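So the structure is just underneath, and the comments pick up after that.
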Amino acid sequence: MATVKEMRTRIGSVKSTQKITKAMQMVAAAKLRRAQVAAESARPYARRMAAVIANLAAGVSGPSAPLLLAGTGSDARHLIIVATSDRGLAGGFNGGIVRAARDLIAALLAQGKDVRILTIGRKGRDQLRRQYGDRYIGSYELGIKPAGFALVKPIAKTVLDMVMGGELDVVTLVYSQYKSVVTQVPTARQLIPATIEAADAGSAAFYDYEPDEDAILAELLPQNISVQILTALLENQAGFYAAQMAAMDNATRNAGDLIKALTVQMNRTRQAQITKELIEIISGAEAV
């Protein structure tokens, strides 16, 4: 059984940990607001670009359709881009994304597809490289600065070079879509061939484009890859801070409960020691 001194030391250690988790919770809450605004601001731009592409795609068909829109006509070679964070202490945030990526990879492998993996963020890299080292082609780290086009441009270039070089047929991005402070949903979005939703095509007005649709799509579709990746990273960033804030709040509460339990145990142990010493004193006095 631990002594009173050992319990005091342990209580002090838990209190120090509680201060750290509380500070991390406050930092995550402060960063969440900025990240949430950035994620919500990027959504209208991404939706509008999808609507424009849908409008242009309605006038393009057959052999003239760009490769990024029509695809190669095959789905044998897949690239899975897994976007996580560089840091942990965010509950099951990164684990949920990696689990969704593993399920997708396993399903594709079961169908006999050739799957390659590219990761954004250290957490995804560390978990997937161990399991799929022979299919792993590279990784990018997010760094300490907010996600921006300077980060996603090299990633988009790598993907486009592989597609244009005939190495890939389908590219899918796995990330966490930010819904609210308590809800982040792991999502798989197909980037190549570009997915055209019926709502996007139907809601867009019809225009006469100059130059023609093919020329505009040739410039717009590669840009759309960067936009989709950037949007996903901004969603990830907001989801990470929300998950970290919740995790650190739970850790702070658990530390408080542990401190209370240890304090009660320490008081009982100290009272038992005092009682034992009193009994020894009384017994000694009676013996004399």
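So here's what we get for this one:
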| item | result |
| --- | --- |
| Verdict on TYR132 being of a type in the set (Ser, Thr, Tyr) and under 24 Å from LEU69 (Cα atoms) | no |
| Qualifying residue in segment 38-60 (condition: outside any loop (DSSP other than H, G, I, E, B), in the same structural domain as SER139 (by TED's automatic domain parsing), acidic (Asp, Glu) and closer than 15 Å to ALA232 by Cα) | yes |
| Qualifying residue in segment 71-87 (condition: at pLDDT 80 or above and either assigned to a helix (DSSP H, G or I) or not assigned by TED's automatic domain parsing to the domain that holds LEU220 (or both)) | no |
| Matching residues, segment 237-288, being under 27 Å from LYS5 (Cβ atoms), touching a residue at least 60 places away in the same chain (Cβ under 8 Å) and either surrounded by 13 or more Cβ atoms within 10 Å (Cβ to Cβ) or under 32 Å from the mean Cα position of the chain (by Cα) (or both) | ALA251, THR252, ALA255, GLY256, LEU258, ILE259, LEU262, THR263, GLN265, MET266, THR269, ARG270 |
| Matching option when the condition is of a type in the set (S, T, N, Q), touching a residue at least 60 places away in the same chain (Cβ under 8 Å), out of contact with any helix residue (DSSP H, G or I) (no Cβ under 7 Å at 6 or more places or on another chain) and surrounded by 15 or more Cβ atoms within 10 Å (Cβ to Cβ), among THR3, THR72, THR21, THR17 | THR72 |
| The lone exception for LEU278 - which of (1) among the aliphatic types (A, V, I, L, M); (2) in contact with a Gly (Cβ under 8 Å, 6 or more places away or on another chain); (3) modelled with pLDDT under 90 it fails | (2) |
| Identity of the residue in segment 156-190, acidic (Asp, Glu) and out of contact with any Asp or Glu (no Cβ under 6 Å at 6 or more places or on another chain), that ends up farthest from ALA106 (Cα to Cα) | ASP161 |
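The values are calculated or read from the model by the stated rules, or taken from the named source; none is laboratory data. The model shown is predicted, which means the values in this text are computed figures rather than measured ones. Glycine also receives a Cβ, built like all others from the backbone with ideal geometry; neighbour counts cover every protein chain displayed.
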